[in-house]
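Coordinate-derived values only; no laboratory data. Please read these numbers as outputs of a predicted model, since none were measured by experiment. Every residue, glycine as well, gets a Cβ built from its backbone with ideal geometry; the counts of neighbours run over all protein chains shown.
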Amino acid sequence: MTANDLAIVILAAGKGTRLKSRLAKVLHCAGGRPLVEHVVRACAPLKAKKTIVIIGHQAEQVTAVVEPHEVETALQQPQHGTGHAMQIAKRALGHAKLALVLPGDAPLVRTETLKALVATHRAGNAAATILTAVLADPSGYGRVVRQSESNVAAIVEESQLTEEQRELNEINSSIYCFTLEKLWPALAQVKPNNKHRELYLTDAIAVMAAKGETVLARVAEDSREGLGCNTRADLADVDHTFREWKRAALMNDGVTIQLPETVVVDPDVTAGQDSILEPCVQLLGKTKLGARCRIGTGSVLNNATLGDDVVVEPHCMIADSRLDAGVKVGPFARLRPGNHLKARARVGNFVELKNSAVGEGAKAMHLTYLGDARIGAKTNIGAGTITCNYDGFHKNPTTIGNKVFIGSNSALVAPVRIGDGAYVAAGSTITQSVPADGLGIARGRQENKPGWASKKRRELARSEESKKPARRRKRGKPRSSKKKKTRRH
Ligand code: UD1
Ligand code: MG
């Protein structure tokens, strides 16, 4: 159901000076997404008549982030404060009766909380309803000054607090619901009475309250929903909370997480029941784990799709790759983008794969590079095998059939094909295709020379001997005669 009288305004034009960054504040990431994207996503289920994002700093990049979420944008250039940002939104708001206003830098707010805020506003027939939070350390935030238990008199910014007001620990989250016909006249009376010469939206609250309008406050049940991100420390705090919530959701769905505080999981990640995440694992992007997977300590998976019962041993990196049921990789394997490991395939230590398919039950267990390779079922790739897929200009394919045996330390110079059931002799440099069931051998032929080593040793020993007496005569004799003399006396 759409809320036809409700519009949403997200204030996202600011620079974020306190972050000391070249990137606009709302584009900074926490919990695996840009701040403003979290806000837009939290708003979407409200099905408002329209959602307007106020853009300014790095407007193009901010637009690129919010555009896929069916929002409009309005440009605030230059930025003269949150009150000014609301004035910019006015034309786009049209005939909406209510506006839910949110800052683009408070990403922890949840849809349920926003719905409750609008419901409180409607039920109280208020001019404004503020989402507030009670914080142990309210410093940096505007404080809520109440005139009665239910009604608000003003929001006072940190820089304008009196000594008494400094004790107040109920903060303004900057998330409000306004009845627009009450907001506009109040905002028109607001003056830029602060050191930044900005129009503060917060000042409209005192104007409304002074006129006798109803200004309500709803305290967030989880105070973290009110947290904004003005500094890097704020970003770290908010990221911490997002990660904690995501891990809790996975554990709730039947995933074991060892030392959870060390595990980082992005918001779109899913994991099947009885999967186990060991300490210091990162599951990023759109990674999907089947049931009963085990991800070893220190492994980082980004956009990986794992079937059931997949084991990733410690310290693997897996990007944009698919691992079917029962696959085992690592420890210390690196899967660069574009791989498909079919059921029960094995990839061992110090193996690097890129854009390669490994057939069912096939193995590449040690010290190998497979790039642009297609490998059939039950094939064994020996230790130290390298596909030479790059000729300095192009990437070339290597195609290896089923039940092939590639001997250790082979170089397969692509493009090349190894037929089903073929062998490649260890140490070969294969430059021509090997037919099915054939042997490809491409290395210097071995020759054994019986007795060569002992003969060589004898020669060496003789030459050493011939040098020794000469040395002794020269340096040794006078010393030994002197010693004897000393002993006699
Ligand atoms: C604001 C509130 C403060 C509240 C805090 C909660 C004001 C004056 N103060 O302070 O009471 O406790 O949020 O986090 O509103 N923006 C624009 N255009 C502008 C200025 C800002 O779009 O001209 C956007 C920013 O990009 C940001 C949001 O408005 O997303 C809030 O601005 P910010 O500078 O973060 O305000 P705070 O100092 O945090
Ligand atoms: Mg802020």
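Between the Cα long axis of helix 82-93 and the first principal axis of the chain there is an angle of about 80°, rounded to the nearest 10. Amide hydrogen proximity for ILE257: with H placed 1.01 Å from N in the peptide plane, the residues at 5 or more positions away or on another chain lying under 5 Å are LEU277. Each of PHE178, PHE332, PHE242, PHE393 was scored by other Cβ atoms within 10 Å of its Cβ. Listed from fewest to most, they are PHE393, PHE332, PHE242, PHE178.
Just so you know, the Cα atoms of segment 98-137 work out to an Rg and Dmax of 11.1, 32 Å. Each of ARG322, ARG110 has some number of other Cβ atoms within 10 Å of its Cβ, and from fewest to most they run ARG110, ARG322.
The dipole here belongs to the chain: it is taken about the Cα centre, uses +1 on the Cβ of Lys and Arg and -1 on the Cβ of Asp and Glu, and is about 6360 debye. Summing +1 for each Lys or Arg and -1 for each Asp or Glu, what net charge is found among the other residues whose Cβ lies under 13 Å from the Cβ of ASP268? Cβ neighbours under 13 Å give a net charge of +3. The base-10 log of I(q)/I(0) for the chain, evaluated at q = 0.10, 0.13 Å⁻¹, reads -0.84, -1.10 [Debye formula, identical scatterers on Cα atoms, solvent excluded]. The Cα center of segment 98-136 and the Cα center of segment 360-413 differ in position by 58 Å. Axis angle, to the nearest 10 degrees, between helix 452-488 and the longest C-alpha principal axis of the chain: 90 degrees. Summarising the strand pairing of the chain, around 20 percent of its internal DSSP beta bridges are antiparallel.
In order along segment 428-435, the Karplus-derived 3J(HN,Hα) couplings, from 6.51 cos²θ - 1.76 cosθ + 1.60 at θ = phi - 60°, round to 7, 10, 8, 10, 10, 4, 10, x Hz, and Gly and Pro are given as x.
Put in order of Cβ neighbour count within 10 Å, fewest first, the listed residues HIS38, HIS394, HIS240 become HIS394, HIS240, HIS38. I'd like the distance separating the alpha-carbon centroids of segment 188-206 and segment 306-327, in whole Å. When both Cα centres are located, 55 Å separates them.
Axis angle, to the nearest 10 degrees, between helix 232-252 and the longest C-alpha principal axis of the chain: 80 degrees.
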